[in-house]
1. Go over the candidates Arg99, Arg90, Arg39, Arg50 one by one and state the one that is of a type outside the set (Val, Ile, Thr) and in contact with a strand residue (DSSP E or B) (Cβ under 9 Å, 6 or more places away or on another chain).
2. Based on this model, can you work out whether Ile49 counts as at pLDDT 95 or above and in a helix (DSSP H, G or I)?
3. Mind listing whichever residues of the stretch 6-54 are within 19 Å of Gly76 (Cβ to Cβ), surrounded by 13 or more Cβ atoms within 10 Å (Cβ to Cβ) and among the hydroxyl-bearing types (Ser, Thr, Tyr)?
4. Restrict the check to the stretch 55-67 and report whether at least one residue is over 30 Å from Ile87 (Cα atoms) and surrounded by 12 or more Cβ atoms within 10 Å (Cβ to Cβ).
5. Any residue in the stretch 3-10 that is of a type in the set (Gly, Ala, Ser) and not in a loop (DSSP other than H, G, I, E, B)?
6. Filter the stretch 80-100 down to the residues that are out of contact with any Lys or Arg (no Cβ under 7 Å at 6 or more places or on another chain), within 12 Å of the ligand (Cβ to nearest atom) and either in contact (Cβ under 8 Å) with a residue 12 or more places away in the chain or among the small types (Gly, Ala, Ser) (or both) and list them by number.
7. Which of the residues spanning the stretch 64-115 are in a helix (DSSP H, G or I), within 32 Å of the chain's Cα centre (by Cα) and small (Gly, Ala, Ser)?
Amino acid sequence: MDAYGNIFNCTEVSYVATYGTPNEYAIDHLSGKQMPGKRDRLGNFNDRIRQGEYPCSTCPMLPVCGGACPKSWLEGIAPCPSAKHNIEQRLLLTYALSRIEQEELSLQEVSLVNA
Ligand code: SF4
C-alpha cells in the first residue's frame, strides 16, 4: 500500500512514475473505490501459465522458479533464472563433488583406524 491509499499486489510498482498517475498497477484503494480487473493483471498468473500463455507451462524449471516474475512477462522480459540453461550440469557437478567429499572422508576414516 502506498501513502496515497493505493493497494498493490506487487512490491515493485508503487511510486514508479513509469506506471502512470494513477498507477496502472493499483488493484484497490483504501477509500473502497472499485478498480475492476486490476487485481487479475498480475494475480491470475498461475491460470495464464496453465493456459499456456507463457513457456513456463512446459518448462522443467517451473517447480523451482514458479514462473519467476509475472510483471516481467507482461513487459516482454523473460525472467528465467540462469540455471534454466544448465541445471543438469549443475546437478551433476554437485553430485560429483559430494561423491569426492564422501570418498575423502572414507579415506580419512581408514587412515585413522590404521594409525
Ligand atoms: S525458467 Fe523461465 S520459462 Fe521456465 S518456469 Fe521459470 S520463468 Fe518460466
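1. Details: Arg99 fails: in contact with a strand residue (DSSP E or B) (Cβ under 9 Å, 6 or more places away or on another chain); Arg90 fails: in contact with a strand residue (DSSP E or B) (Cβ under 9 Å, 6 or more places away or on another chain); Arg50 fails: in contact with a strand residue (DSSP E or B) (Cβ under 9 Å, 6 or more places away or on another chain).
Of the residues listed, the single one that is of a type outside the set (Val, Ile, Thr) and in contact with a strand residue (DSSP E or B) (Cβ under 9 Å, 6 or more places away or on another chain) is Arg39.
2. yes
3. Once the filter is applied, which keeps residues that are within 19 Å of Gly76 (Cβ to Cβ), surrounded by 13 or more Cβ atoms within 10 Å (Cβ to Cβ) and among the hydroxyl-bearing types (Ser, Thr, Tyr), the stretch 6-54 yields Tyr19, Tyr25, Tyr54.
4. No; the residues of the stretch 55-67 include none that is over 30 Å from Ile87 (Cα atoms) and surrounded by 12 or more Cβ atoms within 10 Å (Cβ to Cβ).
5. Taking the stretch 3-10 first, the residues of a type in the set (Gly, Ala, Ser) are 3, 5.
Subset that is not in a loop (DSSP other than H, G, I, E, B): none.
So far as the stretch 3-10 goes, no, none of its residues is of a type in the set (Gly, Ala, Ser) and not in a loop (DSSP other than H, G, I, E, B).
6. Selection gives Cys80, Pro81, Ser82, Lys84, Ile87.
7. Listed by number, the residues that qualify are Ser72, Ser82, Ala83, Ala96, Ser98.
Let's see how each residue does on (1) in the same structural domain as Ala3 (by TED's automatic domain parsing); (2) of a type in the set (Ser, Thr, Tyr):
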| residue | (1), (2) |
| --- | --- |
| Ala17 | yes, no |
| Leu30 | yes, no |
| Lys38 | yes, no |
| Cys65 | no, no |
| Ser72 | no, yes |
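The values are calculated or read from the model by the stated rules, or taken from the named source; none is laboratory data. Remember, it's a predicted structure, so these values are computed and weren't measured experimentally. Counting neighbours? That spans all protein chains shown, and the Cβs are built from the backbone with ideal geometry, glycine included.
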